[in-house]
Amino acid sequence: MSGLQAGWVRRNFPQRSCIVAAMARKVQTAGSAADLIPSHPTLESLQKTAKGCKACDLWARGTQTVFGEGARNAEVMFVGEQPGDKEDLEGKPFVGPAGVLLDKALAEAGIDRRKTYVTNAVKHFKWDPRGKRRIHEKPDSIEIAACRPWLDAEIEVVSPEVIVCLGATAAQALLGGNFRVTQQRGQVLPFGDGRRVVATVHPSSILRAPDEDSRHQEMQRFIEDLRVVAKIIDGAK
Ligand code: SF4
């Protein structure tokens, strides 16, 4: 955690002085959340326990743990990279602009959002200060590995038919470092115990497209990838 970040927190969240103190000490707690996973996990016990996770340094940077949420026994689990600014403040995944775009694409692809579960590979917001704004910073491999037990436990408990990796971080976390979303998006691949996995882009990348035309094209490609997922679910019924 940089001095800049600590300064930003002091100015904007003066009540969080204990966190600032921890940041100033440059707490190094990189490890694994594995020891925190309850022996007979439920979504409720996982969410509750994850609130206190300090398995990597990101606990001091984010406002709170943003755990996954959605339908119990959802057929589809969406895995993004990490919570964004709005998600960090609200404590819920995919409630910011990328979540709104995901909802639109799901509706177009014929996937009922209420029957899905959404989560992230990393449960704390990693950011850098730029003026008054907090700018997204990509989590590193140590942070992704530390947080992986939470994601594994969510997959185990929700037991989805299909996992959809949104973006390179989620895809590489679950499918390995050589996986390339640009080349392998939309492919249906086996995953673990009879599940399937499909990778596509993160909706935030569509929001970053340089102009309206490319944004429209990227949205259509995203919807096509989600239609692949819709077909798997329909075929499983
Ligand atoms: S990012 Fe994951 S492993 Fe790191 S502190 Fe947060 S919940 Fe724990």
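Condition check: buried (at least 22 other Cβ atoms within 10 Å of the Cβ), within 11 Å of the ligand (Cβ to nearest atom) and of a type in the set (A, V, I, L, M). Does ALA146 satisfy that? Quick ask: steps written out before the conclusion?
On the way: buried (at least 22 other Cβ atoms within 10 Å of the Cβ): yes; within 11 Å of the ligand (Cβ to nearest atom): yes; of a type in the set (A, V, I, L, M): yes.
When the stated conditions are applied, ALA146 passes them.
Results for (1) out of contact with any Lys or Arg (no Cβ under 8 Å at 6 or more places or on another chain); (2) under 17 Å from LEU207 (Cα atoms); (3) modelled with pLDDT of 95 or more, shown as yes or no for each residue.
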residue: GLU81; (1), (2), (3): no, yes, yes
residue: LYS86; (1), (2), (3): yes, yes, yes
residue: ASP103; (1), (2), (3): no, yes, yes
residue: ALA107; (1), (2), (3): no, no, yes
residue: ARG114; (1), (2), (3): yes, no, no
residue: VAL118; (1), (2), (3): yes, no, yes
residue: LYS123; (1), (2), (3): yes, no, yes
residue: TRP127; (1), (2), (3): no, no, yes
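Starting from the range 46-64, take each residue that is over 19 Å from GLU81 (Cβ atoms) and assigned to a helix (DSSP H, G or I) and list its partners that are within 9 Å of the ligand (Cβ to nearest atom) and of a type outside the set (Phe, Trp, Tyr), counting only C-beta distances under 7 angstrom and pairs at least six apart or across chains.
Pairs that qualify, where the first residue is over 19 Å from GLU81 (Cβ atoms) and assigned to a helix (DSSP H, G or I) and the partner is within 9 Å of the ligand (Cβ to nearest atom) and of a type outside the set (Phe, Trp, Tyr), are THR49/LEU36.
Within the range 60-72, is even one residue within 16 Å of the ligand (Cβ to nearest atom), closer than 23 Å to ILE163 by Cβ and out of contact with any helix residue (DSSP H, G or I) (no Cβ under 6 Å at 6 or more places or on another chain)?
Yes: one or more hits.
Only residues that are closer than 17 Å to VAL118 by Cα and part of a helix (DSSP H, G or I): list them for the range 193-222, please.
If the condition is that a residue be closer than 17 Å to VAL118 by Cα and part of a helix (DSSP H, G or I), then PRO203, SER204, PHE222 are the ones that fit.
Select, from ALA209, ALA199, the only residue that is in contact with a helix residue (DSSP H, G or I) (Cβ under 6 Å, 6 or more places away or on another chain), without any contact (Cβ under 8 Å) to a residue 12 or more places away in the chain and away from the ligand (no atom under 16 Å from the Cβ).
ALA209
Among what's in the range 121-143 and is in contact with a helix residue (DSSP H, G or I) (Cβ under 6 Å, 6 or more places away or on another chain) and assigned to a strand (DSSP E or B), pick the residue that is nearest to the ligand (Cβ to nearest atom).
ARG134
Of all residues in the range 105-120, which are in a helix (DSSP H, G or I), without any contact (Cβ under 8 Å) to a residue 24 or more places away in the chain and surrounded by fewer than 16 Cβ atoms within 10 Å (Cβ to Cβ)?
Scanning the range 105-120 gives a single hit, ALA107.
Assuming GLY194 fulfils every condition listed in (1) surrounded by fewer than 15 Cβ atoms within 10 Å (Cβ to Cβ); (2) touching a strand residue (DSSP E or B) at 6+ places or on another chain (Cβ under 7 Å) apart from one, which condition is it?
GLY194 satisfies every listed condition except (2).
Got at least one residue in the range 173-188 being touching a residue at least 12 places away in the same chain (Cβ under 8 Å), in a helix (DSSP H, G or I), farther than 25 Å from ALA107 by Cβ and in contact with a helix residue (DSSP H, G or I) (Cβ under 7 Å, 6 or more places away or on another chain)?
Scanning the range 173-188 turns up at least one residue that is touching a residue at least 12 places away in the same chain (Cβ under 8 Å), in a helix (DSSP H, G or I), farther than 25 Å from ALA107 by Cβ and in contact with a helix residue (DSSP H, G or I) (Cβ under 7 Å, 6 or more places away or on another chain).
For the range 201-216, which positions are under 17 Å from GLN82 (Cβ atoms) and crowded, with 16+ Cβ neighbours inside 10 Å?
Of everything in the range 201-216, those that are under 17 Å from GLN82 (Cβ atoms) and crowded, with 16+ Cβ neighbours inside 10 Å turn out to be VAL201, HIS202, PRO203, SER204, SER205.
Could we say that GLN82 is within 11 Å of the ligand (Cβ to nearest atom) and touching a strand residue (DSSP E or B) at 6+ places or on another chain (Cβ under 7 Å) here?
On the way: within 11 Å of the ligand (Cβ to nearest atom): yes; touching a strand residue (DSSP E or B) at 6+ places or on another chain (Cβ under 7 Å): yes.
It is true that GLN82 is within 11 Å of the ligand (Cβ to nearest atom) and touching a strand residue (DSSP E or B) at 6+ places or on another chain (Cβ under 7 Å).
Going through LEU106, LEU166, LEU189, LEU174 one at a time, which residue ends up being within 16 Å of the ligand (Cβ to nearest atom) and under 18 Å from VAL76 (Cα atoms)? Write out each step before concluding.
Numbers: LEU106 fails: within 16 Å of the ligand (Cβ to nearest atom); LEU166 fails: within 16 Å of the ligand (Cβ to nearest atom); LEU189 fails: within 16 Å of the ligand (Cβ to nearest atom).
LEU174 is the lone residue from the list that is within 16 Å of the ligand (Cβ to nearest atom) and under 18 Å from VAL76 (Cα atoms).
If you go through the range 97-104 one residue at a time, do you hit one that is in a strand (DSSP E or B) and closer than 21 Å to ALA173 by Cα?
The answer is no, given that none of the residues of the range 97-104 is in a strand (DSSP E or B) and closer than 21 Å to ALA173 by Cα.
So which of SER159, SER204 is in contact with a Pro (Cβ under 9 Å, 6 or more places away or on another chain) and not aliphatic (A, V, I, L, M)?
Criteria check complete, one pass: SER204.
The values are calculated or read from the model by the stated rules, or taken from the named source; none is laboratory data. Bear in mind the structure is a predicted one, so any value in this text is a computation, not a measurement. Note that we place each Cβ from the backbone using ideal geometry, even for glycine, and neighbour counts take in every protein chain shown.
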